[in-house]
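So the structure is just underneath, and the comments pick up after that.
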Amino acid sequence: MALLGIEEGINSFLEQFLLNKAAPANLKLILYTNNHTPVATDVLANFTECTDTGYSAQSLTGGNWTMGTDGSGNSQASYPAITFTFNGNVTIYGYVVTDNGKTKACWAEAFSSSISFTAGQQLVLTLKLTLS
């Protein structure tokens, strides 16, 4: 499934952009474990955050995003690879990016199929946002 912007988070993002905040907004990346296909009207409660003991939500520091273009000349923001290591058996359906306080869903992506992990296995995500 393609990345989907969530209305409440996009509104917050636009407020940051339109108000010309001096500091970049920091966000959180969480993995979700419920079989949910994101829709634009979702709220954070629609996503069940992973509870594996090796897992923790990852901070996305605003200053770590880089801007460039994709191979077609579209604007693209990229974030360095983020690694999650699991301590037990867990199935991940996708991820959601939230505001720093984890109160609003900004955007989400369901994986094309769920991914199951066992102790010691890792998931590496590289986030790219492309505007066309």
Inset, instruction - State whether region 15-132 is rounded, prolate or oblate according to the following rule on the C-alpha gyration tensor (a ≥ b ≥ c being the square roots of its eigenvalues): a/c under 1.5 gives rounded; otherwise a/b larger than b/c gives prolate, and the remaining case gives oblate. - result: prolate
Inset, instruction - For a label point 7 Å from the Cα of T69 along Cα→C-beta, name the residues of region 112-132 whose backbone N is under 15 Å from it. - result: 130-132
Inset, instruction - Over region 19-97, give the accessible area per residue in Å² for a 1.4 Å probe, as an integer. - result: 51 Å²
Inset, instruction - Amide H neighbours of W107 under 5 Å, at least 5 residues apart or on other chains, H built in the peptide plane: list them. - result: I6, V97
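The values are calculated or read from the model by the stated rules, or taken from the named source; none is laboratory data. None of the values given here were measured: they were computed from a predicted structure. Using ideal geometry, Cβ is built from the backbone for each residue, glycine included, and neighbour counts are taken over all protein chains shown. All accessible areas refer to the heavy atoms of the entire protein, side chains included, with ligands and DNA or RNA removed. Shrake-Rupley method; radii C 1.70, N 1.55, O 1.52, S 1.80 Å.
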